[in-house]
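In what follows, a single structure is set out as structure tokens and then discussed.
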Amino acid sequence: MGSLLSRFTSRADDAHLAVVDGRGGHAYRDVVRGARAVASSLAPIERGTRVALLISPGAAFVSAFFGVLLAGGVVVVLSPLHPLPETAYFCEDARVAILLVDEAHGRLAAPLASAKVRIAHVEAAVATSPAPAALPEIDASAPALQLYTSGTTGKPKGAILTHGNLGVQQELVAEAWGFSDADVLLHALPLHHMHGLAIALLTALGAGATVRTTTFDAARIWDAMTDATVFMAVPAMYHRLFAAFDDADEATRARWTFGARALRLATSGSAALPVSLAERWRAITGSYPLERFGMTEIGVGITNSLVGERIPGSVGLPLPSVLARIVGEDGADAEVGELWIRGPSVFAGYHERPEETEQAFVAAADGGPPWFRTGDTVTRDAAFVSRPFRILGRTSVDILKSGGYKLSALEIEEVLREHPAVLEVAVVGIPDEAWGDRVVACVVRRPGAVADDVALRGFVRERLAPYKVPKDFVFMAELPRNAVGKVVKPTLARALREGRG
Ligand code: MLC
Ligand code: AMP
């Protein structure tokens, strides 16, 4: 298996389009040259230096991403969706030394400049003369990417993916989904998470395909399908697409249907795809979306087949070289239990979190690479000969999925607890057609405090990304607790679902 970086740089003379963004089309040879220039502009940097990117999706992002890797650095992707305190946390936790920004994000990044963090501009970096000879050799076990993911303990942690991980993940997914340089991927996913970054962007680029980047707007996406062969989305995006479809006139629907039918592949992941949404897609396009299971820590692990039957409500079978087990509470193999994954695509560990890394892995009996505990409860469907995997939910009530984003209830609670009016708080997810989990904060105010939902929402918004802000605030006299005083979140969630909140 070759490295993703070498696959990318091998296209240094390729005139084929790598990226089509708001500025137009960019050939592989230009984005590779851009990456070499970025690497030269950064060099010399110590191996493993964390370089953060705050750059809009497009050719400059791609050049910056591969440029950092070429220079021996580790990419940390930031998002303008995060307010300053959150971005500052990512930079500090990752020990970011350089922050590469584009013109659009220069002002947003300015307050992050410090004695420890240097800000560099990608437009200037891309204009540097490339000097590839000076760049270091890259080892497959070297870290390449640090992606932040929410956990069951407060703040997000940085999952470290190596060059080897990225190379294997790219190869496995491209092979399974039949990617080639004839593909055009319609890309509207955020780049600060595994789905948009590695599963979509890097899979396509590693295969020599063209990536058309756009922000998510349902009507624009329908229109853009005409010029694409592959579309990847989270279920919330399908939900939005159908809402726009229902609002459109007959002629528009006919045009959109024609464009969507021309796609060779539409995938869904990051959260459970409701069968109703998948069937809607089939009714419009004639084919069932390809659902797959993935994680920040492993990339895509389990997928429905490109050519075979796609089984509603199932995520299919593990990719080649990915091993999957279902483990019961007693640690033995079980029909229903936690999904454990093992293989070359599994990440190296959490950045500077030895305890959490240790808890995430279980030594393998054969002395080989350890098993990664996904935290997802799964089973296999006995109604089918292949026994495809079904995801039943998370093992922890504190991990929520809203519109494909993984959220930590504890992180949101921690922020709300800082508000002077909040005595107690419990954040829970309520099943919701649009979001998957609808995030609800149950709050007990301090005696005499009057802060309402507007005040609390504003408070959270200043500290966390907008998609982490609870949709509803429910004020209560007390939270339901068990005999040892622990808030019983399932009881709370059930009461809210039944309107007894
Ligand atoms: C936006 N909002 C959300 C939200 N997205 N609220 C909860 N959950 C979300 N996911 C808020 C906005 O801040 C706004 O709030 C209001 O909802 C309406 O926003 P919008 O402008 O209509 O939403 P939009 O920006 O279009 O975003 C919707 C979306 C987005 C579906 C395009 O959520 C999205 O890009 N999701 C993808 C997440 C993702 O890539 N996850 C991959 C994780 S990796 P207000 O109050 O300002 O009005 C992974 C591995 C794997 O899971 O297997 O793939
Ligand atoms: P993240 O940490 O953001 O990478 O999210 C990974 C989590 O997303 C997994 O552990 C699952 O809980 C969830 N997930 C991803 N794909 C699916 C899917 N197809 N069905 C259900 N859950 C999914």
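List of remarks:
- Considering residues of the stretch 222-238 that are touching a Phe, Trp or Tyr at 6+ places or on another chain (Cβ under 8 Å) and under 19 Å from Gly436 (Cβ atoms) only, the residue farthest from ligand 1 (Cβ to nearest atom): Tyr238
- Residue satisfying condition, being over 16 Å from Gly343 (Cβ atoms) and more than 14 Å from ligand 2 (Cβ to nearest atom), within set Arg310, Arg280: Arg280
- Residues that are in contact (Cβ under 8 Å) with a residue 24 or more places away in the chain and farther than 14 Å from Ala409 by Cβ, drawn from the stretch 475-501: Phe475, Met476, Ala477, Glu478, Arg497, Gly501
- Flag for Val68 being in contact with a His (Cβ under 9 Å, 6 or more places away or on another chain) and either assigned to a loop (DSSP other than H, G, I, E, B) or not acidic (Asp, Glu) (or both): no
Yes/no per residue for (1) among the acidic types (Asp, Glu); (2) within 23 Å of His193 (Cα to Cα):
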{"position": "Asp333", "(1), (2)": "yes, no"}
{"position": "Arg353", "(1), (2)": "no, yes"}
{"position": "Phe389", "(1), (2)": "no, no"}
{"position": "Ala409", "(1), (2)": "no, yes"}
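- All conditions but one from (1) surrounded by fewer than 18 Cβ atoms within 10 Å (Cβ to Cβ); (2) within 12 Å of ligand 2 (Cβ to nearest atom); (3) within 16 Å of Ser268 (Cα to Cα); (4) not basic (Lys, Arg) apply to Thr296; the one that does not is (1).
- Trp435 being in contact with a Gly (Cβ under 6 Å, 6 or more places away or on another chain), within 16 Å of ligand 2 (Cβ to nearest atom) and over 23 Å from Lys486 (Cα atoms): yes
- Summed over the stretch 168-186, residues that are in contact with a Leu (Cβ under 7 Å, 6 or more places away or on another chain) and closer than 18 Å to Phe372 by Cβ total 1.
- Scanning the stretch 432-455 for residues that are within 16 Å of Thr491 (Cβ to Cβ) and more than 14 Å from ligand 1 (Cβ to nearest atom) yields a total of 2.
- Filtering Ser276, Ser268 for residues that are crowded, with 16+ Cβ neighbours inside 10 Å and either modelled with pLDDT of 95 or more or more than 23 Å from the chain's Cα centre (by Cα) (or both) leaves a single hit, Ser268.
- Counted residues, the stretch 74-97 - those being without any contact (Cβ under 8 Å) to a residue 40 or more places away in the chain and over 15 Å from Leu147 (Cβ atoms): 4
- Pick from the stretch 261-273, criterion within 25 Å of Met194 (Cβ to Cβ) and hydrophobic (A, V, I, L, M, F, W, C), ranking: farthest from ligand 1 (Cβ to nearest atom): Leu263
- Within the stretch 64-87, if we keep just the residues that are under 20 Å from the mean Cα position of the chain (by Cα) and among the small types (Gly, Ala, Ser), the residue that is farthest from ligand 1 (Cβ to nearest atom) turns out to be Ala64.
- Contact map, the stretch 285-299: first residue within 9 Å of Phe347 (Cβ to Cβ) and of a type in the set (Asp, Glu), second residue within 10 Å of ligand 1 (Cβ to nearest atom) and at pLDDT 95 or above, Cβ cut-off under 9 Å, separation 6 or more or different chains; pairs are Glu297/Leu147; Glu297/Thr149; Glu297/Met194.
- Screening the stretch 211-237 for residues that are part of a helix (DSSP H, G or I) and out of contact with any helix residue (DSSP H, G or I) (no Cβ under 9 Å at 6 or more places or on another chain) and picking the one that is farthest from Trp177 (Cα to Cα) gives Arg220.
- Residue in the stretch 263-273 that is out of contact with any strand residue (DSSP E or B) (no Cβ under 8 Å at 6 or more places or on another chain) and either more than 16 Å from ligand 2 (Cβ to nearest atom) or not small (Gly, Ala, Ser) (or both) present: no
- Number of residues in the stretch 202-244 that are touching a residue at least 60 places away in the same chain (Cβ under 8 Å) and among the small types (Gly, Ala, Ser) equals 3.
- Those residues of the stretch 173-216 which are over 19 Å from Val77 (Cβ atoms), within 15 Å of ligand 2 (Cβ to nearest atom) and among the aliphatic types (A, V, I, L, M), in sequence order: Ala176
- Scanning the stretch 357-392 for residues that are out of contact with any Pro (no Cβ under 7 Å at 6 or more places or on another chain), without any contact (Cβ under 8 Å) to a residue 60 or more places away in the chain and of a type in the set (Gly, Ala, Ser) turns up Ala365, Gly367, Gly368, Ala382, Ala383.
- Residue that is surrounded by the fewest Cβ atoms within 10 Å (Cβ to Cβ) [pool: residues in the stretch 414-431 that are within 14 Å of Ala493 (Cβ to Cβ) and away from ligand 2 (no atom under 14 Å from the Cβ)]: Ile430
- Filtered residues of the stretch 8-33 (kept if surrounded by 23 or more Cβ atoms within 10 Å (Cβ to Cβ), under 19 Å from Thr128 (Cα atoms) and in contact with a His (Cβ under 8 Å, 6 or more places away or on another chain)): Tyr28
The values are calculated or read from the model by the stated rules, or taken from the named source; none is laboratory data. Quick caveat, the model's predicted, so the values are computed rather than measured. All Cβ positions, glycine included, derive from the backbone under ideal geometry; neighbour counts span all protein chains shown.
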